[in-house]
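Participant: First, the structure itself, so that you have it in front of you.
The values are calculated or read from the model by the stated rules, or taken from the named source; none is laboratory data. Predicted model, so just to flag it, every value in this text is computed and none were measured. Counting neighbours? That spans all protein chains shown, and the Cβs are built from the backbone with ideal geometry, glycine included.
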Amino acid sequence: MSTDAFPTRRGRMEYVCTQCGARRGVEELLYTCPECGGVFLLEDLDFESMKETPAPVWRELFDARRATRNTALRGIFRFYELMAPVLEQEDIVYLGEGDTPIIEASPALRDALGVRFAFKNEGQNPSASFKDRGMAGAFSYLRALVRMHGWDEVLTICASTGDTSAAAALYASYVGGGIRSVVLLPHGKVTPQQLSQPLGSGALVLEIPGVFDDCMKVVEYLAEHYRVALLNSKNSWRILGQESYAYECAQWYGWDLAGKSLFVPVGNAGNITAIMSGLLKMHSLGIIEKLPRLFGVQSHHADPVWRYYSRPEAERRYEPVKVQASVAQAAMIGNPVSFPRVKKLVARYTAAGGDFNMVQVTEQAIMDAMIIANRHGHIACTQGGECLAGLLRARELGLIDKSDFSILDATAHALKFSGFQNMYMEDSFPPEFGVKARPELVCAPRLLLSPERRAMLDETAFTAEAAGELARAAGLKSR
Ligand SMILES: *Cc1c(COP(=O)(O)O)cnc(C)c1O
Ligand SMILES: [Zn+2]
């Protein structure tokens, strides 16, 4: 089969409730179970039949597709058969998402920290975060629905800590054709860069006072009472799209993740759900032989999932937490929607021989880790810093040793969170964050000449004096 040919095999997908097990067809966009209110996962009823194809054949197919010229298969749908084998080629939206690089820690950084790791740079997605993977999934499905039902108008809505709205607005504005985007943000709780994104895409941007969890309640109410398409991770088509992260990690390392650990920041817990689901699918088809170890990371200011798993199994009880100020703002969520999915999948993951852990890190550790990483040529956001802090914490706890290799999810581009970097450089964090700058990590601009001094100099004198000041500042020697 040519690598450009769109696959012909179709699966039969159903929503499956993670709580009561109820099943529903995918002709409708559903978020929660009509029986019990639980969240869904999507399942291909014909998944088992994929086992008739030997694992090496699947690996070869996905590897061959790396060379495809068919844009429908160039992004996350390189792994079409594993994700949403009900979509038609014409439905698929491709804006260059996926296929992000995995960049090994610079040798100096590795030696300084004494751990072996790499960042997968999700900031190199079109809207600069991994959320594009999920949106490519959700919007492709939405286009399929529009085609099947002949709808002429669809209003999409999402609550967001910043990146979901950026991605939703981007895909909606590209697809157009009656698909419009509304985003709801917690006022003052997304970065200026993130806010600029849905504005630039022309979305209807609305804000309420409060935190993300408040916005989530409002959009859930809307989805129940009005005709809207919810694009939060309650929408399980987003989870499917985000599974591509796991497939890409495996492919990058020749389909061998044995001895590797994946670190993932946990907010609403959609991402870690998707990654676990993807790993389990590959494992069950024999595409990977061993499951990697999986570590979820949370800040001590927003740590409901860590709290749950930090208790002995018999005493585990889920309780939402009230979040405090966090530099890992995109994960600053006290009541993660996907927690029931995590619980279900962790049980499956450990039953399949995988190892799942949660680690908790401080705000200070997150900032220090991000700054140190980026001083060594990385482009990690605060959540990427959170993963590195999580790796260091795991080593401290004896969960990781020197020879282990970890893949850290740098979930967004550093530029989206530059405000936190600035606060660090100016040592101006508001007290509620509890972050102090380490002087050796501070990097701040210096003015070489005052405007008054410059005004006193003619052009020749100015050039010589500025050059002299620069040479002194940089410690240059004359030739
Ligand atoms: C959304 C987001 C997270 C949290 O992911 P969840 O799926 O909500 O757990 C982490 N980092 C960034 C940059 C995000 O945008
Ligand atoms: Zn149910």
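Participant: Without any contact (Cβ under 8 Å) to a residue 12 or more places away in the chain and either under 21 Å from Phe139 (Cα atoms) or of a type outside the set (A, V, I, L, M, F, W, C) (or both): does that describe Gly254?
Facilitator: Details: without any contact (Cβ under 8 Å) to a residue 12 or more places away in the chain: yes; either under 21 Å from Phe139 (Cα atoms) or of a type outside the set (A, V, I, L, M, F, W, C) (or both): yes.
Against the criterion (without any contact (Cβ under 8 Å) to a residue 12 or more places away in the chain and either under 21 Å from Phe139 (Cα atoms) or of a type outside the set (A, V, I, L, M, F, W, C) (or both)), Gly254 qualifies.
Participant: Do you know which residues across segment 316-331 are within 15 Å of ligand 1 (Cβ to nearest atom), in a loop (DSSP other than H, G, I, E, B) and out of contact with any His (no Cβ under 7 Å at 6 or more places or on another chain)? Full working, then the answer.
Facilitator: Kept after step one, since they are within 15 Å of ligand 1 (Cβ to nearest atom), are these residues of segment 316-331: 320-321, 323, 326-331.
From what is left, the residues that are in a loop (DSSP other than H, G, I, E, B) are 320-321, 323, 326-328.
The answer is Pro320, Val321, Val327, Ala328.
Participant: OK, next. State which residue pairs qualify: first residue more than 19 Å from Glu90 (Cα to Cα) and inside segment 147-171, second residue of a type in the set (Phe, Trp, Tyr) in any location, beta carbons under 7 Å apart, and separation of 6 or more residues or different chains.
Facilitator: Hits for this filter: Ala159/Phe212; Thr161/Phe212.
Participant: Follow-up. In segment 129-160, what residues are surrounded by fewer than 24 Cβ atoms within 10 Å (Cβ to Cβ) and either of a type in the set (Lys, Arg) or not in a strand (DSSP E or B) (or both)?
Facilitator: Of everything in segment 129-160, those that are surrounded by fewer than 24 Cβ atoms within 10 Å (Cβ to Cβ) and either of a type in the set (Lys, Arg) or not in a strand (DSSP E or B) (or both) turn out to be Arg143, Ala144, Leu145, Val146, Arg147, Met148, His149, Gly150, Trp151, Asp152, Glu153.
Participant: Of all residues in segment 286-315, which are in a loop (DSSP other than H, G, I, E, B) and more than 11 Å from ligand 1 (Cβ to nearest atom)?
Facilitator: Residues of segment 286-315 that are in a loop (DSSP other than H, G, I, E, B), as a first pass: 286-292, 300-303, 311-312.
Answer for segment 286-315, where residues must be in a loop (DSSP other than H, G, I, E, B) and more than 11 Å from ligand 1 (Cβ to nearest atom): Gly286, Ile287, Ile288, Glu289, Lys290, Leu291, Pro292, His300, His301, Asp303, Arg311, Pro312.
Participant: Mind listing whichever residues of segment 433-479 are surrounded by 13 or more Cβ atoms within 10 Å (Cβ to Cβ) and in a loop (DSSP other than H, G, I, E, B)?
Facilitator: Once the filter is applied, which keeps residues that are surrounded by 13 or more Cβ atoms within 10 Å (Cβ to Cβ) and in a loop (DSSP other than H, G, I, E, B), segment 433-479 yields Gly434, Val435, Ala437, Arg438, Leu448, Leu449, Leu457.
Participant: Among the listed residues Ser165, Ser196, which satisfies the condition of being of a type in the set (Ser, Thr, Tyr), on the phi < 0 side of the Ramachandran plot and touching a helix residue (DSSP H, G or I) at 6+ places or on another chain (Cβ under 6 Å)? Quick ask: steps written out before the conclusion?
Facilitator: Details: Ser196 fails: touching a helix residue (DSSP H, G or I) at 6+ places or on another chain (Cβ under 6 Å).
Step by step, each of Ser165, Ser196 is checked, and only Ser165 is of a type in the set (Ser, Thr, Tyr), on the phi < 0 side of the Ramachandran plot and touching a helix residue (DSSP H, G or I) at 6+ places or on another chain (Cβ under 6 Å).
Participant: For segment 10-42, how many residues meet the condition of being more than 20 Å from Glu220 (Cβ to Cβ) and either within 16 Å of ligand 1 (Cβ to nearest atom) or at pLDDT below 95 (or both)?
Facilitator: The qualifying residues number 1.
Participant: Quick one: which residue in Leu285, Leu294 is under 24 Å from Leu240 (Cβ atoms), under 18 Å from the mean Cα position of the chain (by Cα) and surrounded by 18 or more Cβ atoms within 10 Å (Cβ to Cβ)? Let's see the steps before the verdict.
Facilitator: Details: Leu285 fails: under 18 Å from the mean Cα position of the chain (by Cα).
Step by step, each of Leu285, Leu294 is checked, and only Leu294 is under 24 Å from Leu240 (Cβ atoms), under 18 Å from the mean Cα position of the chain (by Cα) and surrounded by 18 or more Cβ atoms within 10 Å (Cβ to Cβ).
Participant: Only one of (1) away from ligand 1 (no atom under 16 Å from the Cβ); (2) farther than 30 Å from Arg69 by Cβ is not met by Asp4, so which one is it?
Facilitator: Single failed check for Asp4: (2).
Participant: Mind telling me which of the residues Arg65, Arg110 ends up being part of a helix (DSSP H, G or I), without any contact (Cβ under 8 Å) to a residue 24 or more places away in the chain and surrounded by fewer than 21 Cβ atoms within 10 Å (Cβ to Cβ)? Break it down into steps so the answer makes sense when it comes.
Facilitator: On the way: Arg65 fails: without any contact (Cβ under 8 Å) to a residue 24 or more places away in the chain.
The match here is Arg110.
Participant: List pairs: first residue in segment 334-350 and in contact (Cβ under 8 Å) with a residue 24 or more places away in the chain, second residue among the acidic types (Asp, Glu) and in a helix (DSSP H, G or I) anywhere in the structure, Cβ distance under 6 angstrom, at least six positions apart or on different chains.
Facilitator: Sorted first by the residue in segment 334-350, then by its partner, the pairs are Gly334/Asp213; Asn335/Asp213.
Participant: Please find, within segment 394-422, the residue that is nearest to ligand 1 (Cβ to nearest atom) out of those that are without any contact (Cβ under 8 Å) to a residue 60 or more places away in the chain and closer than 20 Å to Leu441 by Cα.
Facilitator: Per the criteria, the residue is Gln421.
Participant: Among the numbered criteria (1) β-branched (Val, Ile, Thr); (2) over 23 Å from Leu142 (Cβ atoms); (3) within 16 Å of ligand 2 (Cβ to nearest atom), which single criterion is violated by Thr32?
Facilitator: Unmet for Thr32, out of (1) β-branched (Val, Ile, Thr); (2) over 23 Å from Leu142 (Cβ atoms); (3) within 16 Å of ligand 2 (Cβ to nearest atom): (2).
Participant: Only one of Arg65, Arg78, Arg74 is over 25 Å from Thr273 (Cα atoms) and more than 16 Å from ligand 1 (Cβ to nearest atom); which?
Facilitator: Values: Arg78 fails: over 25 Å from Thr273 (Cα atoms); Arg74 fails: over 25 Å from Thr273 (Cα atoms).
Within the list Arg65, Arg78, Arg74, the selection yields Arg65.
Participant: Assigned to a strand (DSSP E or B) and within 16 Å of ligand 1 (Cβ to nearest atom): does that describe Leu184? Break it down stepwise before answering.
Facilitator: Values: assigned to a strand (DSSP E or B): yes; within 16 Å of ligand 1 (Cβ to nearest atom): yes.
Judged against the criteria, Leu184 is a match.
Participant: Based on what the data block shows, is Met83 out of contact with any Cys (no Cβ under 7 Å at 6 or more places or on another chain), modelled with pLDDT under 95 and away from ligand 1 (no atom under 16 Å from the Cβ)?
Facilitator: Numbers: out of contact with any Cys (no Cβ under 7 Å at 6 or more places or on another chain): yes; modelled with pLDDT under 95: no; away from ligand 1 (no atom under 16 Å from the Cβ): yes.
When the stated conditions are applied, Met83 does not pass them.
Participant: When you look at Arg227, is it in contact (Cβ under 8 Å) with a residue 40 or more places away in the chain, surrounded by fewer than 23 Cβ atoms within 10 Å (Cβ to Cβ) and among the charged types (D, E, K, R), yes or no?
Facilitator: Values: in contact (Cβ under 8 Å) with a residue 40 or more places away in the chain: yes; surrounded by fewer than 23 Cβ atoms within 10 Å (Cβ to Cβ): yes; among the charged types (D, E, K, R): yes.
Considered against the rule, which asks whether it is in contact (Cβ under 8 Å) with a residue 40 or more places away in the chain, surrounded by fewer than 23 Cβ atoms within 10 Å (Cβ to Cβ) and among the charged types (D, E, K, R), Arg227 comes out as yes.
Participant: Tally the residues that are farther than 16 Å from Cys387 by Cα and either crowded, with 24+ Cβ neighbours inside 10 Å or among the acidic types (Asp, Glu) (or both), restricting the search to segment 254-269. Walk me through how you get there before you give the answer.
Facilitator: Narrowing segment 254-269 to residues farther than 16 Å from Cys387 by Cα: 254-259.
With either crowded, with 24+ Cβ neighbours inside 10 Å or among the acidic types (Asp, Glu) (or both) added as a condition, the list becomes 256-257.
Total meeting the criteria: 2.
Participant: Follow-up question, since we're still on this one. What do you reckon, is Asp4 more than 16 Å from ligand 2 (Cβ to nearest atom), among the acidic types (Asp, Glu) and either buried (at least 19 other Cβ atoms within 10 Å of the Cβ) or at positive phi (or both)?
Facilitator: Numbers: more than 16 Å from ligand 2 (Cβ to nearest atom): yes; among the acidic types (Asp, Glu): yes; either buried (at least 19 other Cβ atoms within 10 Å of the Cβ) or at positive phi (or both): no.
No.
Participant: Among Ile239, Ile275, which is more than 16 Å from ligand 2 (Cβ to nearest atom), of a type in the set (Val, Ile, Thr) and more than 16 Å from Ala410 (Cα to Cα)? Spell out how you get there, then give the answer.
Facilitator: Working: Ile275 fails: more than 16 Å from Ala410 (Cα to Cα).
Only one candidate qualifies: Ile239.
Participant: For segment 344-369, name all the residues that are under 17 Å from Val16 (Cβ atoms), out of contact with any Phe, Trp or Tyr (no Cβ under 8 Å at 6 or more places or on another chain) and within 15 Å of ligand 1 (Cβ to nearest atom).
Facilitator: Within segment 344-369, Leu345 is the sole residue that qualifies.
Participant: Please give the number of the condition Gly96 fails out of (1) part of a loop (DSSP other than H, G, I, E, B); (2) in contact (Cβ under 8 Å) with a residue 40 or more places away in the chain; (3) not polar (S, T, N, Q).
Facilitator: Condition (2) is where Gly96 drops out.
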